[in-house]
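To keep things clear, I will list the structure first and then write my remarks on it.
The values are calculated or read from the model by the stated rules, or taken from the named source; none is laboratory data. Given the structure is predicted, the values throughout are model-derived calculations rather than measurements. Cβ placement follows ideal geometry from the backbone for every residue including glycine, while neighbour counts extend to all protein chains displayed. We work out accessible area using only protein heavy atoms, side chains counted, and drop any ligands, DNA or RNA first. Shrake-Rupley method; radii C 1.70, N 1.55, O 1.52, S 1.80 Å.
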Amino acid sequence: MVSFLQIDNLTKRFGDLVLYENISFGVARGQKIGIIARNGAGKTTLLNMIAGKESVEEGAIVFRNDLRVGYLEQSPVYPGGLTVLQACFHSQSETVRLIAAYETALLSNDTAALEALLPRMEHAKAWDYERKAKQILSQLKIKDFDRKVETLSGGQLKRVALANVLILEPELILLDEPTNHLDLDMIEWLEGYLKRSTISLLMVTHDRYFLDEVCNEIIEIDNRQIYSYKGNYSYYLEKRAERLEAAQAAADHAANLLRKELDWMRRQPQARGTKAKYRIDAFYELEKKAGQRQEEGTVNLNVKASYIGSKIFEATGVTKSFGEIQILNSFNYIFSRYEKLGIAGDNGTGKSTFIKMLMGEMQPDSGCFTVGETVRFGYYSQDGLQFDEKMKVIDVVQNIAEYITLGNGKALSVSQFLNYFLFTPEKQHSFVHKLSGGEKRRLYLCTVLMGNPNFLILDEPTNDLDIVTLNVLEDYLANFKGCVIAVSHDRYFMDKIVDHILVFHGNADIQDFPGNYTQYRLWKTQREKEESPKSSPPPAGKGSGRDSGASRQPPGKRKLSYKEQKELEALEAEIPALEKEKKSIEEALGSGTLSMDELNRLSARIGELIGVIDEKTVRWLELNE
């Protein structure tokens, strides 16, 4: 396979902290690799070194010559004053800059600039590039081109940054938490786009459905080394369990041998100076192996929440608007005891506003929330991360409570509770400023839970948390004897935690669905199929994210000519056949059994197919309109 990126014997240290030591791996054409590790293990640092934003102390990072590389940072930043359009085309590429100038002139109706730019666009053959760029902007719902980037929300800025990366048409993309701040529709669109695309990927994400659907290889950073798994997230879970089981068996075996060796060491002091030195060395090696036990945070933590009565909260006629944007309109709801509710919906539909009104941080225009007297909230908010950086981790939590009560009459100390949430004794006594962003999020979560609430409000709790921490949190919530409301774009998390969901569709349209998120999506898909016109079913390529603003809808509908009708029928047969061929090639490319010639031939063919499918889908849309 054609190598795009090779990393050899890479080592990274921060003082006496070693993140990884002599790690080596590569990314080839067509590979889609997900990186998994605990917070603080150096995932973002690794991507920053590959992108050239951090120095490489030991080892080598080598790209193929002239490789087009894109990097989506976890928290993208643009120079102040840029418009959305300028940020989308913020690039060193001359072609991209030319398209940006053309689009700016078009928006401002600058005829003189347009006349000067048109021949340059022709010479650079930028029209096809511009068409694809507009498709991406349309699919990412980026429309307000004149808006300044500093006024954008986190989700809007993430979409702009994503457009900026995809417009460059990179061959290799580095993605750091690409699903953070994106709403569910955008996550599913990006998932489908990357899954269909031939772009190679190296990404860090906590979204387990995303990893499972997109990746064909998982790299795990554990104990300063890397472990590679040639498959998706489900395959990784299976093989990782086997690895840990084998490691545990080896540790148990070493422990048994260690007991025998220890007995020998104690009984034979006179042998230590001469011929038995090899046994002394073996003893210390065994001692090291026996200490390599995996700590997975699998303790069953049955926390006894404080007493909660039968009345939780009641929303009565709640109405809230921001100008013309309506969030709630005479909303009524009675929350049940021990209910676990998920809240889903696009960004800007009012999910966080709903939570803030419930918590009393914002007042409704009319109506009210009535909260029961025994309710004790624990609120994990998106902007609640505020610590004294000079404090030690254990002191931050100890300021809230000395211990937390368990359901069996026992209690956990602060240190034991922190250990359950993967803070080692060493980490507990380090200063807050030394923690990674994800570790600070985990600490914030501990401060919320340590207050022993009986009603947890979790607003985007999965952002910046690693998968291991999410497993621990999910286990905690499964045993939590209280109420939960979770606002989240993490489909896996929602499926595991909630009993039912409120879906915010926007404009005060709120749907109560009796099931988890995946069940809701299946129901919605089935309903859309039933409601779609049976006379003109969409081809297999429809819904692939390619139906962009490239096609122009005529002002009035007319009947198709005989020739156009025949063309439409032909397209409805051709597009599914092309999609089928594309899927077959994707499976072949992912098999790992192709020769170099076959790999190059099929890679070229799939590129042609994507262009043809795009073209024919746009034409199909025009004829249907």
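For the stretch 139-236, just say rounded, prolate or oblate: build the C-alpha gyration tensor, square-root its eigenvalues into a ≥ b ≥ c, call rounded for a/c under 1.5, and beyond that prolate if a/b exceeds b/c, oblate if not. Intermediate values should be presented prior to the final figure.
Values: a/c = 2.17, a/b = 1.95, b/c = 1.11.
Verdict is prolate for the stretch 139-236.
In this rough spin-label picture, where each label sits 7 Å from Cα along the Cβ direction, the Glu581-Asp16 distance is 6.4 nm. Over all pairs of different C-alpha atoms in the stretch 33-76, the reciprocal of the mean inverse distance, the Kirkwood hydrodynamic radius, equals 12.1 Å. For the chain, the longest principal axis of the alpha carbon atoms and the long axis of helix 467-478 meet at an angle near 80°.
Reducing the stretch 37-101 and the stretch 3-27 to their Cα centroids gives an inter-centroid distance of 19 Å.
Report in % the part of the accessible area of the chain that belongs to carbon and sulfur, leaving out ligands and nucleic acids; probe 1.4 Å.
Its accessible area is 49 percent carbon and sulfur atoms.
Placing a pseudo-label 7 Å from each Cα along the Cα-to-Cβ vector at Arg64 and Lys260 gives an inter-label distance of 5.3 nm.
So for Trp189, Trp127, what's the accessible-area order with a 1.4 Å probe, most first? Working shown, then result.
On the way: Trp189 30, Trp127 80 Å².
Largest accessible area first, the list is Trp127, Trp189.
Pairs from the list Lys132/Lys195; Lys158/Lys356; Lys356/Lys529; Lys12/Lys392; Lys141/Lys524; Lys12/Lys230 with a Cα-Cα gap above 27 Å: Lys356/Lys529. Label sites at Lys311 and Ala401, each approximated as a point 7 angstrom past Cα along Cα to Cβ, lie 2.5 nm apart. Short-range pairs are left out: with C-alpha atoms under 8 Å and at least six residues apart, the relative contact order of the stretch 360-474 is 40 percent.
Each residue of the stretch 448-461 was assigned a 3J(HN,Hα) from its phi angle through the Karplus curve 6.51 cos²θ - 1.76 cosθ + 1.60 (θ = phi - 60°); the sequence is 5, 6, 5, x, 6, x, 10, 9, 9, 10, 10, 9, 6, x Hz, with glycine and proline shown as x. The residues packed around Lys320, meaning those with a beta-carbon under 11 Å from its beta-carbon, carry a net charge of 0 if Lys and Arg are +1 and Asp and Glu are -1.
Dividing the summed helix terms, -39500 (n - 2.57) for each DSSP H run of n ≥ 4, by the number of residues in the chain produces a 222 nm estimate of -13500 deg cm²/dmol to the nearest 500.
Rounded to the nearest whole Å², what accessible area per residue is found for the stretch 73-133 with the 1.4 Å probe? Kindly include the intermediate steps, with their values, before the conclusion.
Values: 3430 Å² over 61 residues.
The answer is 56 Å² per residue.
Relative to the current alpha-carbon distance between Lys481 and Trp127, full extension at 0.36 nm per residue lengthens the span by 121.5 nm.
Once you order the gyration tensor axes a ≥ b ≥ c over the Cα atoms, which shape class does the chain get: rounded for a/c under 1.5, otherwise prolate or oblate by comparing a/b with b/c?
Oblate, since a/c reaches 1.5 and b/c is not below a/b.
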